[in-house]
Each structure stands twice: as structure tokens, then as C-alpha cells.
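A short write-up of the structure that comes next.
The values are calculated or read from the model by the stated rules, or taken from the named source; none is laboratory data. The structure presented is a predicted model; accordingly, all values stated were derived computationally and were not measured. Here Cβ is always computed from backbone atoms with ideal geometry, including for glycine, and neighbour counts include all displayed protein chains. With ligands, DNA and RNA removed, areas are computed over all heavy atoms of the protein, side chains included. Shrake-Rupley method; radii C 1.70, N 1.55, O 1.52, S 1.80 Å.
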Amino acid sequence: MAGLPPEPELWADFASGPVKPCPNCGEVHVTMADSPGVPRGADIWYIRLDVDDETVRLAAPLLDAHERRRAARMRDGPTARRYVLAHGATRTILGGYLGIAGCALHWSAGRHGKPEFGGALSQWQWSLSRSADHALLAVCLPDPVGVDIERIEEHTAAAALAGRFLPPDEAAGVAAQDRPYDSRAVYHRLLSRKEACVKASGGRLLDGLGLRVLTTGTVHGAGPMAGQSWTLRDLPAPPGFVAALATLGDAARRPRIFDWDWRPPGPEPGNCPPPAPSSAAAQTLDFLPFRFQRSRGDPWPQRE
């Protein structure tokens, strides 16, 4: 499962802004404290979805009518909450880049659901993925981007599924693992890599199952996705999860990684620790602290 060597990446904590009435919609909702600046390559945002009811209440007004209807149709309460939080954070973060209130953002969806801005914002590319209590948002300019996070499910019949759906060499790699958990982890890692590539292209996972992703780096399309190519890398993920990032375009630019903190600035930074890397390769990444300032004269303490 080797591939693209890990590069130094900036790991930053980024807190939400003060909660106050929005001049655009008049509702009280989460805001962005500061702009993260223009992405050099892909910016990756880790978003926690296991927060309190008050945070859900403050995230909900950000959603548009379609998103609210979709959340209302979800029969499982925790799933609906996570949907609201993931989309509320996404709107807030994207609005921070664009200088637009999150509640005022509008986008369309491609044939298979890939979100797209129109007009002057069309060069801004982004991708959202969520699994259980975690979500990932990737933002890129101007390369199309796809991100995926998956939980390593306890009851996945990894060897059987890999033998049915994956190329023979990948299926063999899943079956060769000594422990059942390792087989499941490899299987979900491969699926996550394929899903990231497919999402960058706006396709379907079914069309991307034949992609060869035993290694990261440059991936060339096959079958329905012939003629396309992606730059693929694994991302650090919380324990029990795997994550991957794919971009169409320049492979040389490194991603920045941010932790989204729902709590607004205050006397304590309260920033969430980054998820533990899920592989030995990820542990070699150079996680650099970020000093988020409450004001020019009164910075928060730097995280240890």
C-alpha cells in the first residue's frame, strides 16, 4: 500500500467566529472568525459532528430550503444532525474563503451529485464527505478535487467483497492480510481512494471500482473512466477510519490541513486536537501548530 511519499503539511486549528445575527438573513448562526486565505493546493478541513444541541441549532439556519427538506426527510435523528452540522460547517468555511455569508451561497449539483459553483465562482472546487461523527471538506482552486472518509466497519466481509468488485491484485492484497481487521482496513482504504478519484471527476463509484489504487501518486483511468488521471494521496484519519484525497491537476502542490472548531473565540482557545494518524506513513507528517489570534494584542496561547 505504498505510494506518494508524505510531505510536510500545515496542520492548523481554526475556530468559528462570534455568534450574532447575520446581516444577510437576520438569523443567528455560526460565522467564520477569519479567512483562511487562498489555497495553495487543496485545503482539507476536519469537522467534528459529535457536538451539542445548541451547536446544531446555530448551524441549521445556514442551510438552504433544499438542504432543510433533505434533513427533515431523514428518519434517523443522529444522521440528520450530522447532515446539518456538516453542511452548516461547509457553508461557513466556503463563505470564509469567498467573503460571502454562508447562508447566501448557492451551487448546483452535477449528474452524480458533484457540487459546482457557477459564474465568477466556478473556479472554486470543493468536495464533502462524512462518515459517522466525522466529516472532511476539501477546497481547491482551480483543480477539481475529491475527498473521502470511511469508517472501517466491523462486519464488512472484506475478502468476499474485494474478490467480487476489485481488480485481482487488489483483491489478493485484501485476502493476504493475517488479521480480519487488517483485511477490512485495506479494503476500506482501497474504496476510499477510488471514491476520492470518482468524486473529483463527478462520476459514480461503480464506474471507478476498476481503478488501480494499490499505490498513491498518479492514477490513470480505466474502463468508463479511461483517459482521466488523478493525483491521489492518503490523509490522516481518526482511529478506525481511513481517508483519501484526489485532485485533477498539479501534483506538486501540498495540502494544508485544518481542524474546524465550532466554539467561537473566547478566553480559552478550546481547539480540538487533530485526529490521530491511522497509519505509520501518516505519522511522519510534520504537523505544525497554528497561532490563531483573538486580536493583534492578545493572542491565544499556542497549542502544545
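Listed here are the residues, each with its yes/no results for (1) of a type in the set (Val, Ile, Thr); (2) not in a helix (DSSP H, G or I).
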| residue | (1), (2) |
| --- | --- |
| VAL56 | yes, no |
| PRO61 | no, no |
| THR79 | yes, no |
| GLY88 | no, no |
| TYR97 | no, no |
| THR156 | yes, yes |
| ASP169 | no, no |
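Return the total of residues in segment 215-225 being at pLDDT 90 or above and surrounded by fewer than 17 Cβ atoms within 10 Å (Cβ to Cβ).
Counting residues in segment 215-225 that are at pLDDT 90 or above and surrounded by fewer than 17 Cβ atoms within 10 Å (Cβ to Cβ) gives 4.
Go through segment 104-122 and give me each residue that's farther than 26 Å from PRO23 by Cβ and either free of Cβ contacts under 8 Å to residues at least 24 places away in the same chain or under 20 Å from the mean Cα position of the chain (by Cα) (or both).
Across segment 104-122, the qualifying residues are ALA109, GLY110, HIS112, GLY113, LYS114, GLU116.
Please state which of the following conditions THR247 fails to meet, knowing it meets all the rest: (1) at pLDDT 80 or above; (2) open to solvent by 70 Å² or more (accessible area, probe 1.4 Å); (3) among the polar types (S, T, N, Q).
It is condition (2) that THR247 fails.
Which one is farthest from ALA71 (Cα to Cα), of the residues in segment 87-101 that are open to solvent by less than 20 Å² (accessible area, probe 1.4 Å) and touching a strand residue (DSSP E or B) at 6+ places or on another chain (Cβ under 8 Å)?
If we take residues in segment 87-101 being open to solvent by less than 20 Å² (accessible area, probe 1.4 Å) and touching a strand residue (DSSP E or B) at 6+ places or on another chain (Cβ under 8 Å), then GLY96 is farthest from ALA71 (Cα to Cα).
Given the criteria open to solvent by 20 Å² or more (accessible area, probe 1.4 Å), over 19 Å from ALA243 (Cβ atoms), in a helix (DSSP H, G or I) and at pLDDT 90 or above, does HIS66 qualify?
Against the criterion (open to solvent by 20 Å² or more (accessible area, probe 1.4 Å), over 19 Å from ALA243 (Cβ atoms), in a helix (DSSP H, G or I) and at pLDDT 90 or above), HIS66 qualifies.
Give me a count of the residues in segment 162-213 that are surrounded by fewer than 17 Cβ atoms within 10 Å (Cβ to Cβ) and more than 20 Å from the chain's Cα centre (by Cα).
Within segment 162-213, the subset surrounded by fewer than 17 Cβ atoms within 10 Å (Cβ to Cβ) is 163-164, 168-169, 172, 175-182, 204-206, 212.
If we keep only those that are more than 20 Å from the chain's Cα centre (by Cα) as well, we get 163-164, 168-169, 172, 175-182, 206, 212.
Adding up the residues that qualify gives 15.
Restrict the check to segment 143-150 and report whether at least one residue is in a helix (DSSP H, G or I) and of a type in the set (Gly, Ala, Ser).
First, the residues of segment 143-150 that are in a helix (DSSP H, G or I): none.
No: zero hits.
Would you point out the residue of segment 102-127, among those that are open to solvent by 40 Å² or more (accessible area, probe 1.4 Å) and assigned to a strand (DSSP E or B), that is farthest from ASN24 (Cα to Cα)?
Filtering segment 102-127 for residues open to solvent by 40 Å² or more (accessible area, probe 1.4 Å) gives 106-109, 111-113, 116, 118-124.
In the following step, the residues that additionally are assigned to a strand (DSSP E or B) were identified as 108-109, 116.
On the way: SER108: 21, ALA109: 24, GLU116: 22 Å.
Ranking the candidates gives ALA109 first.
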